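**Q** Before we start, here is the structure in question, set down as structure tokens.
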Amino acid sequence: MEINTQQLAQRTKQADPYTQILNLDAGVRFVGRIKDRKLITFVRKPTAAPLLDEELSNMVHYQASVKASWDEMFNEKLGKTNWMITSKEKVKLITLFLDDGLLILSTNPDSNHDEIIDKIKNLNIPL
């Protein structure tokens, strides 16, 4: 049985953990992976127009990294941070702490971040 390139692309897309997360909830607009303070991969919902230009997008990703590193100073006394939420008028930003970086999401402002985070945890996929 021969697999054509379209079928292969579809299987690759389905296997991509970031696309899986993007498709978990209708409110998710963007999913990205930050490592060493740099955005290394991302997916965006085709219907979700970027709210920031490229320069401001880079700055917001860097800001998430800086916030995360500041938060680490409290780990010894308060325990490891699992996730952070920033709620704005036009978007909600979710930052999940991973062993070697961050998973960042932007969602519609009225999305249920607790449900989205639970769905991500239940995927049991390497990120």
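The values are calculated or read from the model by the stated rules, or taken from the named source; none is laboratory data. Everything quoted here is computed from the prediction, not taken from an experiment. When we count neighbours, we look across all protein chains shown, and the Cβ atoms used for this are built from the backbone with ideal geometry, even at glycine.
**Q** At pLDDT 95 or above, out of contact with any Phe, Trp or Tyr (no Cβ under 6 Å at 6 or more places or on another chain) and not in a strand (DSSP E or B) - does that describe any residue in the stretch 91-106?
**A** Yes, that holds for at least one residue.
**Q** Conditions first: (1) at pLDDT below 90; (2) surrounded by fewer than 16 Cβ atoms within 10 Å (Cβ to Cβ). H61 passes all but one, so which condition is the exception?
**A** The failed condition is (2).
**Q** Does I34 qualify as being without any contact (Cβ under 8 Å) to a residue 24 or more places away in the chain, crowded, with 16+ Cβ neighbours inside 10 Å, in a strand (DSSP E or B) and not small (G, A, S)?
**A** Considered against the rule, which asks whether it is without any contact (Cβ under 8 Å) to a residue 24 or more places away in the chain, crowded, with 16+ Cβ neighbours inside 10 Å, in a strand (DSSP E or B) and not small (G, A, S), I34 comes out as no.
**Q** Taking D110, is it within 23 Å of D16 (Cα to Cα) and in contact (Cβ under 8 Å) with a residue 24 or more places away in the chain?
**A** Considered against the rule, which asks whether it is within 23 Å of D16 (Cα to Cα) and in contact (Cβ under 8 Å) with a residue 24 or more places away in the chain, D110 comes out as no.
**Q** Would you check if D99 is among the acidic types (D, E) and surrounded by 13 or more Cβ atoms within 10 Å (Cβ to Cβ)?
**A** So D99 does not fit the description; no.
**Q** Can I ask one more? Out of all the residues in the stretch 73-80, is one or more out of contact with any strand residue (DSSP E or B) (no Cβ under 7 Å at 6 or more places or on another chain), part of a helix (DSSP H, G or I) and either among the acidic types (D, E) or under 25 Å from P126 (Cα atoms) (or both)?
**A** The answer is yes; a qualifying residue exists.
**Q** Could you figure out which of (1) crowded, with 16+ Cβ neighbours inside 10 Å; (2) at pLDDT 95 or above isn't true of L127?
**A** (2)
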